[in-house]
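Student: Below you will find the structure I want to go over with you.
The values are calculated or read from the model by the stated rules, or taken from the named source; none is laboratory data. Owing to the predicted nature of the structure, the values given are computational and were not obtained by experimental measurement. In this analysis, Cβ positions are derived from the backbone assuming ideal geometry, glycine residues included, and neighbour counts consider all displayed protein chains.
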Amino acid sequence: MTYTVVLAEPEGTVLVGVVSGSLAVGNRVPWARACVGAVATQGYTNITLGPLVLSLLERGYNSREAVDLALRTDPEPDKRQLLVFSCRGNGYAHTGVLCPPAKGARIGIGFVCGGNMLSSSDVIDVMYRVLSTTSDLHPIVRLIKALKAGHEAGGDRRGDRSAAVVYVEPYSNPIRVQVDYSLDPLKKLEEKLLHIIT
C-alpha cells in the first residue's frame, strides 16, 4: 500500500514523505506540526489518528505513549500502521498484524521509515540505510533519496501511483506537495520539491 519516511529535527523542522499504489495518498497519510513531531497513519488508514497523535505529542507524551493512547480510541488497531517521530527525540512505530505484507518499520536517529504491502522488506532496509548516512543533507534531499531507494528496491507491490510530502519549519506555514496520480509519482514529486530548496 505505502512506504513512508517521517523526520523530526530537534530545532523543530518536521516532514513526512510517502509513496503509495493508492490514489491521492497525501490526503490521508502525512501529518506534521513544527516543534511537535511528524506522523504517518497508514495501512487501512484511520485519518483521525494523525491529528490525535500530534495533539498527544504536544501535550508532552512521548511517541510510544501517544500511539498507544491513540490506538485505544480505534476499534480496529490491528489494521493500522503508525510511524511517529517527536521533536523531543523519540520515535515509535506500530504495525498491526492485519496490515498486508511485506510490512514493517525501522527507527533511526531523528527518523522512522516503514511501509506495508511492499514488494519486499528490502524497501524498508534501503530507506533506513540512506537516512542513516545522509544526516548532513537538507531534510527534503534526504527524504527524496530515501524514497527513491525504496522505489528502486520495489516499492509498493502494486506499483507506485501517488506521492506526497508535508514539510514544516518553525514559525512557517506548512508546505504540502502532492502528486495524486501518476505512473511515476516520485519523479513528479521530486521535480516540484526541488523548487523549494533551490
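Student: Select from segment 1-59 the residues that are at pLDDT below 95, hydrophobic (A, V, I, L, M, F, W, C) and more than 20 Å from Lys79 (Cα to Cα) and list them in ascending order.
Tutor: None - no residue of segment 1-59 is at pLDDT below 95, hydrophobic (A, V, I, L, M, F, W, C) and more than 20 Å from Lys79 (Cα to Cα), so the list stays empty.
Student: So in segment 117-159, with the set limited to residues that are over 17 Å from the mean Cα position of the chain (by Cα) and of a type in the set (Lys, Arg), which one is surrounded by the fewest Cβ atoms within 10 Å (Cβ to Cβ)?
Tutor: Per the criteria, the residue is Arg158.
Student: Please go through (1) over 26 Å from Arg33 (Cα atoms); (2) surrounded by 15 or more Cβ atoms within 10 Å (Cβ to Cβ); (3) acidic (Asp, Glu) for Glu190 and return the number of the only condition it doesn't satisfy.
Tutor: Answer for Glu190: the failing condition is (1).
Student: Run down Ala38, Ala8, Ala34 and say which single residue is in contact (Cβ under 8 Å) with a residue 24 or more places away in the chain, among the hydrophobic types (A, V, I, L, M, F, W, C) and surrounded by fewer than 24 Cβ atoms within 10 Å (Cβ to Cβ). Walk me through how you get there before you give the answer.
Tutor: Details: Ala38 fails: surrounded by fewer than 24 Cβ atoms within 10 Å (Cβ to Cβ); Ala8 fails: surrounded by fewer than 24 Cβ atoms within 10 Å (Cβ to Cβ).
Every option except Ala34 fails the conditions.
Student: Which one is surrounded by the fewest Cβ atoms within 10 Å (Cβ to Cβ), of the residues in segment 169-187 that are hydrophobic (A, V, I, L, M, F, W, C) and within 19 Å of the chain's Cα centre (by Cα)? First the steps, then the outcome.
Tutor: So the first thing to find is which residues in segment 169-187 are hydrophobic (A, V, I, L, M, F, W, C), and the list is 175, 177, 179, 183, 186.
Subset that is within 19 Å of the chain's Cα centre (by Cα): 175, 177, 179, 186.
Values: Ile175: 15, Val177: 20, Val179: 24, Leu186: 21.
Top of the filtered list is Ile175.
Student: Please tell me if Ser162 is buried (at least 23 other Cβ atoms within 10 Å of the Cβ), of a type in the set (S, T, N, Q) and in contact with a strand residue (DSSP E or B) (Cβ under 6 Å, 6 or more places away or on another chain).
Tutor: Values: buried (at least 23 other Cβ atoms within 10 Å of the Cβ): yes; of a type in the set (S, T, N, Q): yes; in contact with a strand residue (DSSP E or B) (Cβ under 6 Å, 6 or more places away or on another chain): yes.
So Ser162 passes the test.
Student: Shifting gears a bit: Could you say whether any residue in segment 103-113 is part of a strand (DSSP E or B), of a type in the set (D, E, K, R) and under 15 Å from the mean Cα position of the chain (by Cα)?
Tutor: Applying the first criterion (part of a strand (DSSP E or B)) to segment 103-113 yields 104-108, 111-113.
Those left that are additionally of a type in the set (D, E, K, R): 106.
Still in the running and under 15 Å from the mean Cα position of the chain (by Cα): 106.
Within segment 103-113 (the criterion being part of a strand (DSSP E or B), of a type in the set (D, E, K, R) and under 15 Å from the mean Cα position of the chain (by Cα)), the answer is yes, since at least one residue qualifies.
Student: What is the residue count in segment 61-83 for residues that are farther than 20 Å from Gly115 by Cβ and either assigned to a helix (DSSP H, G or I) or charged (D, E, K, R) (or both)? Give the steps one after another, and end with the answer.
Tutor: Residues of segment 61-83 farther than 20 Å from Gly115 by Cβ: 61-62, 65-66, 68-69, 72-73, 75.
Those left that are additionally either assigned to a helix (DSSP H, G or I) or charged (D, E, K, R) (or both): 65-66, 68-69, 72.
The number of residues fulfilling the criteria is 5.
Student: Return yes when Pro100 is surrounded by fewer than 19 Cβ atoms within 10 Å (Cβ to Cβ), modelled with pLDDT under 95 and either among the aromatic types (Phe, Trp, Tyr) or assigned to a loop (DSSP other than H, G, I, E, B) (or both) and no when it is not.
Tutor: Working: surrounded by fewer than 19 Cβ atoms within 10 Å (Cβ to Cβ): yes; modelled with pLDDT under 95: no; either among the aromatic types (Phe, Trp, Tyr) or assigned to a loop (DSSP other than H, G, I, E, B) (or both): yes.
Here the answer is no, as Pro100 does not meet what is asked.
Student: I'm trying to understand the selection: among the residues of segment 145-198, which are touching a residue at least 40 places away in the same chain (Cβ under 8 Å), under 20 Å from Met117 (Cα atoms) and in a helix (DSSP H, G or I)?
Tutor: Ala146, Leu147, Lys148, Gly150, His151, Pro185, Leu186 - these are the residues of segment 145-198 that are touching a residue at least 40 places away in the same chain (Cβ under 8 Å), under 20 Å from Met117 (Cα atoms) and in a helix (DSSP H, G or I).
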